[in-house]
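Here's the structure, in structure tokens; my notes come after.
Please treat every number below as a calculation from the coordinates, not as lab data. Since the model is a prediction, treat every value here as computed from it, not as a measurement. Neighbour counts are summed over all protein chains in view; Cβ atoms, including those assigned to glycine, are modelled from backbone coordinates with ideal geometry.
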Amino acid sequence: MGYALKETEYRYRAYTKNGKWEKGSLTTDKYISIHEGSNVFHYGQALFEGLKAYRTKTGEIQLFRPDLNFIRINEGLRRLVAPELPEDLFFDGILEVVKANIDDIPEYGKGQSLYIRPFVIGQGMNLGVKPSDEYLFSVFCAPVGTYFAGGLEALSFVTTDYDRASANGTGQVKVAGNYAASLYPRSLAKKAGYAGVIYLDPLTHSKIDEVGAANFFGITHDNILVTPVSSSILPSITKRSILYIAEHMLGMEVEERDCFIDNVDEFKEAGACGTAAIITPLKSITHKGKVTQFGDGKVGPTIKKLYDILVGIYYGDIEAPEGWIQKI
Ligand SMILES: Cc1ncc(COP(=O)(O)O)c(C=O)c1O
């Protein structure tokens, strides 16, 4: 079952009719029966999102910035020439699923949460390479712990010659094909004993793009938080939040700019960030056989501070900037 701690009972399904989304409903059926000619099986018209529900100390349930997942899923749907989701349908799916599976939301204090997976697929008989006529929007969820084993333990990563997405391709949206393309380089890195891969920019292979399914950030020796810009990076909601926390809550300078792999020792700390990865400190990056270790190879003080604030906000222990938390 991988990252999931268990399966939950209820999921949400909604369908299009004549190209328009109709209201969905809950079901306990975890299997989807669709036509063998469905676009999702052949041409990869599939897109997903990932967000979490957290249980606070007082037992309340809250979502972290779900409005940004809503915006991002529609950016992806536009890229896939699939019908955009109305806001009320997206939130109906999420809220129905969280409420129906509320007993499976892990208790406060264990570092666990309920991972919510909305997705859209193109379905129906379609042998030509063109957008589907019919679509499914579904949401399911599962309680989860940490994505990279070890919590705040720093992990070693290695660069890869493979790309997860091309320079003007689909890297900026969460389409399924990006993840299919990532499985082989990931497996090579795992076999070689690394926690995962560092993707470089696909055009020049000289700049850091991403850390597996997470964004990269580094802290320079003069304490500036830097995160890369590129046309093939998924714009991470966690990264956006970390930039804000660094600038407005820790008073740090922040920069979004190129991070050259040959200059990676400009960072005294480095991290991977994402809904699943939360903040995972990088112990080292190996590039063409050269190992660059960050600091003493353990979680550094700035990353620890960022982590404590971010996780404090997730679980309601620290007051969130306005609009970040949606209570259920
Ligand atoms: C490729 C990729 N990069 C980055 C992220 C992190 O994004 P977010 O912080 O919005 O979860 C994810 C996970 O969603 C991802 O799949």
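Could you list the GluC sites (Glu not before Pro) in region 237-328 that lie in coil according to DSSP, counting only those with at most 15 other Cβ atoms within 10 Å of their Cβ?
Glu319, Glu322
What residues have an amide H closer than 5 Å to that of Tyr135, excluding those fewer than 5 places away on the same chain, when H is modeled at 1.01 Å from N in the peptide plane?
For Tyr135, the qualifying residues are Thr16, Gln123.
Calculate the dipole size of region 30-185 relative to its Cα centre from +1 charges on Lys and Arg beta carbons and -1 charges on Asp and Glu beta carbons; express the result in debye to the nearest 20.
Values: 14 positive and 18 negative charges, 60 e Å.
Computed about the Cα centre, the dipole is about 280 debye.
Please sort 57-68, 37-48 by packing, taking for each peptide the average over its residues of neighbouring beta carbons within 10 angstrom, highest first.
37-48, 57-68
Considering the convex hull of the alpha carbon atoms of region 155-314, report its projected area averaged over all viewing directions, in nm², one decimal.
8.5 nm²
Want the number for Tyr3 to Glu153: 0.36 nm per residue separation, take away the alpha-carbon distance, what's left?
On the way: separation 150, 0.36 × 150 = 54.00 nm, distance 1.74 nm.
Residue separation times 0.36 nm, minus the Cα-Cα distance, leaves 52.3 nm.
Could you give the length gained on full extension between Asp67 and Asn263, defined as 0.36 nm per residue of separation minus the Cα-Cα distance, in nm?
Working it through step by step, the gained length comes to 67.0 nm.
What is the list of residues in region 304-328 whose amide nitrogen lies under 14 Å from a point 7 angstrom out from the Cα of Lys57, following Cα to Cβ?
Taking a point 7 Å out along Cα→Cβ of Lys57, the residues of region 304-328 whose backbone N falls under 14 Å are 312-320.
Would you mind calculating the relative contact order of region 11-144 from Cα pairs under 8 angstrom and at least 6 residues apart, reporting the percent as a whole number?
38 percent
Name the residue farthest towards the positive end of the dipole of the chain from the options Val197, Ser187, Gly145, assuming +1 on Cβ of Lys and Arg, -1 on Cβ of Asp and Glu, about the Cα centre.
Final value for the positive-end residue is Ser187.
Taking θ = phi - 60°, what integer Hz values does the Karplus form 6.51 cos²θ - 1.76 cosθ + 1.60 yield along region 264-280, in sequence order, with x for Gly and Pro?
In residue order, the calculated couplings are 5, 6, 5, 9, 8, 9, 8, x, 10, 9, x, 4, 7, 6, 6, 10, 10 Hz.
When the Cα atoms of the chain are enclosed in a convex hull and the volume is divided per residue, what value in Å³ results?
Per-residue hull volume (Cα only) is 129 Å³.
Measuring from centroid to centroid over Cα atoms, what is the spacing of region 50-104 and region 208-276 in Å?
Taking the Cα centre of region 208-276 as reference, the centre of region 50-104 is 25 Å away.
Residue separation times 0.36 nm, minus the C-alpha to C-alpha distance between Lys191 and Lys327: what's the value?
Once the chain is fully extended between Lys191 and Lys327, it gains 44.8 nm.
Please give the calculated 222 nm ellipticity per residue for the chain, where each DSSP H segment of at least 4 residues contributes -39500 (n - 2.57) and the sum is spread over every residue; nearest 500 deg cm²/dmol?
Calculated from helices alone, the mean residue ellipticity at 222 nm is -6500 deg cm²/dmol.
Among the trypsin sites (Lys or Arg not before Pro) within region 4-34, which fall in a DSSP loop and have no more than 14 other Cβ atoms within 10 Å of their own Cβ?
Lys6, Lys23, Lys30
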